[in-house]
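> One structure, pasted below without further comment.
Just so it is clear, none of the values below were taken in a lab; they were calculated from the coordinates. Treat the numbers as computed from the prediction; the structure is a model and nothing was measured. Neighbour counts run over all protein chains shown; Cβ positions are idealised from the backbone, glycine included.
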Amino acid sequence: MGSIERERILRYRPERSRIRFICARGILKQLLGSYAGLNPQDIRFDYGPLGKPYLKADVDMPIQFNATHTRNEALYAFCCGAELGVDIEFTSRSVNHEQLARKKLTLEECQFYDSLSEERRRKFILSLWTRKEAYGKARGVGIRYPLNAANLIGTEGLNNAIVTDQRGVTWEIVQLSPKEGITACVVTEGEGWRFRCFRLGE
């Protein structure tokens, strides 16, 4: 385990959050090992300028990956040759959706938000937030970008979408509902990807 990983582990509070991170990172290394043909104990990471992890450059396969976890749920994504990001949220999470909408959404996103019933607004905000997080992670900036300047919804709300950033890079956004009470998103550089989804243990 590298020093950066150790520092990340120590930042987690309380203890159960630290244990969840260690377990999630262990599963990630198991999965990466199976894709790259490596012993999970030999998996080592490099990190981007803002902390996004990558496999060490000496691995033959150009595997890109991203991972996220919340409570006891985790989501992992893998592909070859393209950046990607993921995020996951419980739809029951308490959030001030009105304040979030006015501060963090684009004009188009706010207009769609305003068209919804009160009951649907909270779920919409949480699902859209997974897009904002996953998009930032795919770009390697986390949420360090102007969230209210990146329109990440399609013409009918949270259907899958294709967006182009200010550099002219295209990103494919896929919204997921892996199980009841959970919303998630995968954002991948480029478009036309074929997605295959698995539950761990199945």
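> Rank-order 125-131, 185-191, 74-80 by packing density, defined as the average count of other C-beta atoms within 10 Å over each peptide's residues, highest first.
For the peptides 125-131, 185-191, 74-80, the packing ranking is 125-131, 185-191, 74-80.
> Oh, and also: Find the lysine pairs in the chain meeting two conditions, Cα atoms under 14 Å apart and a separation of 8 or more places or different chains, and report how many there are.
Lysine pairs meeting the criterion: 4.
> Please give the peptides 82-94, 155-167 ranked by average Cβ packing (other Cβ atoms within 10 Å per residue), highest first, as a rough proxy for protection.
Ranking, from highest mean packing down: 82-94, 155-167.
> Please name which of CYS23, GLY37, LEU105 has its Cα lying farthest along the dipole of the chain towards the positive end, using unit charges on Cβ (Lys, Arg +1; Asp, Glu -1) and the Cα centre as origin.
Going by the Cα projections, it comes out as CYS23.
> Starting from the 7 Å offset along Cα-to-Cβ, what nm value, one decimal, do you get for the label separation of TYR47 and ILE19?
A separation of 2.5 nm, rounded to one decimal place.
> Which value results for Rg/Rh of the chain when Rg is the Cα radius of gyration and Rh the Kirkwood radius based on the inverse mean 1/r?
0.96
> Further, regarding this structure: So which residue, out of GLY168, GLY51, GLY33, gets the largest mean-square fluctuation from a GNM of the chain using Cα contacts under 10 Å as springs?
Largest GNM mean-square fluctuation: GLY168.
> Let me ask something else. Just from its helices, what would the mean residue ellipticity at 222 nm be for the chain, if runs of 4 or more DSSP H residues each count -39500 (n - 2.57) and the sum is divided by every residue, rounded to the nearest 500 deg cm²/dmol?
Mean residue ellipticity, 222 nm, calculated: -11000 deg cm²/dmol.
> Follow-up. Can you list residues from other chains, or at least 5 along the same chain, whose modelled amide H is less than 5 Å from the amide H of GLN64?
Long-range HN contacts for GLN64: CYS79, CYS80, GLY81, ALA82.
> May I pose another question? For the pair ASN39 and GLN166, what calculated FRET efficiency results from E = 1/(1 + (r/R0)^6), where r is the Cβ-Cβ distance and R0 = 35 Å, to the nearest 0.05?
Plugging the Cβ-Cβ distance into 1/(1 + (r/R0)^6) gives 0.30.
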